[in-house]
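Visitor: Below: one structure in structure tokens.
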Amino acid sequence: MKSMRWALLVMVPMLAQAADVRQDYRQQWPLQVTGSDAGIYQLSLNEAVYRTAHDAALRDVTVIDARGQELPTAWLPADAAPAAAARRQRLPLFALPAG
């Protein structure tokens, strides 16, 4: 029985670490994205995000997915041109020599 108590005591910090990281943040702005197969999204931050950020370089702003995991981000200047839509183009296939 004592070993069971110790196991529970050891697991408490582990469970606390596994808690949803989204609750660690003071402000949240949910994002609704379309197309789950897209690898990159570009969005514009509204004034509320800039107003509540403490760091001018936005190091305190993170993107967290539905699983609670932080996603990699890259900040572009506000005057950066929006990303161009992907364009598909047919290319010829060439036979390669065997061997």
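Visitor: With the requirement that a residue be surrounded by 10 or more Cβ atoms within 10 Å (Cβ to Cβ) and not aliphatic (A, V, I, L, M), what does region 35-68 give you?
Guide: Tyr41, Tyr50, Thr52, Arg59, Asp60, Thr62, Asp65, Gly68
Visitor: Quick check on my filter: what residues within region 43-72 are under 16 Å from Pro30 (Cβ atoms), in a loop (DSSP other than H, G, I, E, B) and of a type outside the set (A, V, I, L, M, F, W, C)? Even if it seems obvious, please write down each step before you answer.
Guide: Going through region 43-72, the residues under 16 Å from Pro30 (Cβ atoms) turn out to be 43-46, 48-49, 52, 61-71.
Subsequent filtering for residues that are in a loop (DSSP other than H, G, I, E, B) retains 43-46, 61-62, 65-69.
Within region 43-72, Ser44, Asn46, Thr62, Asp65, Arg67, Gly68, Gln69 meet the criteria.
Visitor: Please state which one of Gln69, Gln89 is polar (S, T, N, Q) and modelled with pLDDT of 85 or more. Steps first, answer last, please.
Guide: On the way: Gln69 fails: modelled with pLDDT of 85 or more.
Checking each option against the conditions leaves just Gln89.
Visitor: Restricting the search to region 74-99, which residues are within 30 Å of Gln27 (Cβ to Cβ) and either surrounded by 10 or more Cβ atoms within 10 Å (Cβ to Cβ) or over 20 Å from the mean Cα position of the chain (by Cα) (or both)?
Guide: Of the residues in region 74-99, the ones within 30 Å of Gln27 (Cβ to Cβ) are 74-83.
If the condition is that a residue be within 30 Å of Gln27 (Cβ to Cβ) and either surrounded by 10 or more Cβ atoms within 10 Å (Cβ to Cβ) or over 20 Å from the mean Cα position of the chain (by Cα) (or both), then Trp75, Leu76, Asp79, Ala80, Ala81, Ala83 are the ones that fit.
The values are calculated or read from the model by the stated rules, or taken from the named source; none is laboratory data. Owing to the predicted nature of the structure, the values given are computational and were not obtained by experimental measurement. Ideal geometry is used to build each Cβ from the backbone, glycine not excepted, and the neighbour counts take in all protein chains shown.
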